[in-house]
Amino acid sequence: IYKASSPISLNNQSNITISGDSINGGSSVGIRLSNCNNVHITKCRIQNTTNDGIQLNNCTNVTIDSCFITNVRAGVNAMQCKTVKVNNNQFLNMNGPFPSGNFVQLNNVSGGGIQVNYNRCEDIAGVAQHPQDGISIYQCDGLPGDSVQVIGNWIRGGQVQNDSGGGAGIVLGDVGGSY
């Protein structure tokens, strides 16, 4: 059971849990975190925004699990973060357009414990407006013995318009990265 919530935007917060929220974003990011540490986002429903469902900027140790994200520009967009886990979520109909439109985009994420595991992802042709690469691991660096994990994701559908020059289910080492 979800509780109705306005979009959530947090800066410089630590040791928090966001749980059970239902967010209709409009033109705002559903959940936006900047410079936050030790955050757990769980059991949320984020939908109907022309912006990202969840956006992380310069955050450390964020876990996103058991969320349903639909009809958004992109599902999870993590930029310049450390240790991000995106596990056991459901994504439906990412709308882009390029360079957005991913279920999960990790952009310059580094450190140990980076995971994108066991998510269910679907773009329905004619409903998703401009889907792109499903899961993109862009310039990310894991650690020796603790590589970036992308395991057990279910992806169906795909790019319905060729507005980026290509699209894939999973892109690893996109424009560089290590481990």
Original post:
Which whole number in µm²/s is D for the stretch 27-132 by Stokes-Einstein, with the Kirkwood Rh taken over Cα pairs at 20 °C and 1.002 mPa s?
Top reply: 162
**OP:** Mind checking the per residue accessible area of the chain for me, 1.4 Å probe, whole number of Å²?
**Re:** 43
Subject >> Listed candidates (1) 47, 41, 28; (2) 45, 38, 35; (3) 41, 41, 24 - label of the one calculated as Cα extents along the principal axes in Å >> reply: (3)
Original post:
What percent do you get for the relative contact order of the chain when only Cα pairs under 8 Å and 6+ apart count?
Top reply: 15
**OP:** Could you pull out which residues in the stretch 96-129 have an amide N less than 17 Å from a spot 7 Å beyond the Cα of Tyr2, following the Cα-Cβ vector?
**Re:** 120-122
**OP:** Return the lysines within reach of Lys3: Cα separation strictly under 22 angstrom, same-chain partners fewer than 8 residues apart disregarded; answer none if there are no such residues.
**Re:** Lys43
Original post:
How do the peptides 142-151, 72-81, 123-132 rank, highest first, by the average count of neighbouring beta carbon atoms within 10 Å per residue?
Top reply: 72-81, 123-132, 142-151
Subject >> Stretch gain in nm, segment Asn35-Asn88, where the contour uses 0.36 nm per residue and the Cα spacing is subtracted >> reply: 16.7 nm
Original post:
Rounded, prolate or oblate: which fits the stretch 76-179 when a ≥ b ≥ c are the square roots of the eigenvalues of the alpha-carbon gyration tensor, with rounded for a/c under 1.5 and prolate only if a/b beats b/c?
Top reply: prolate
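The values are calculated or read from the model by the stated rules, or taken from the named source; none is laboratory data. The shown structure was predicted, so the numbers you read here are calculated from the model rather than taken from an experiment. Reconstructed Cβ throughout: ideal geometry from the backbone, glycine too, with neighbour counts over all protein chains shown. Accessible surface is based on the protein model in full, side chains and every heavy atom, while ligands, DNA and RNA are left aside. Shrake-Rupley method; radii C 1.70, N 1.55, O 1.52, S 1.80 Å.
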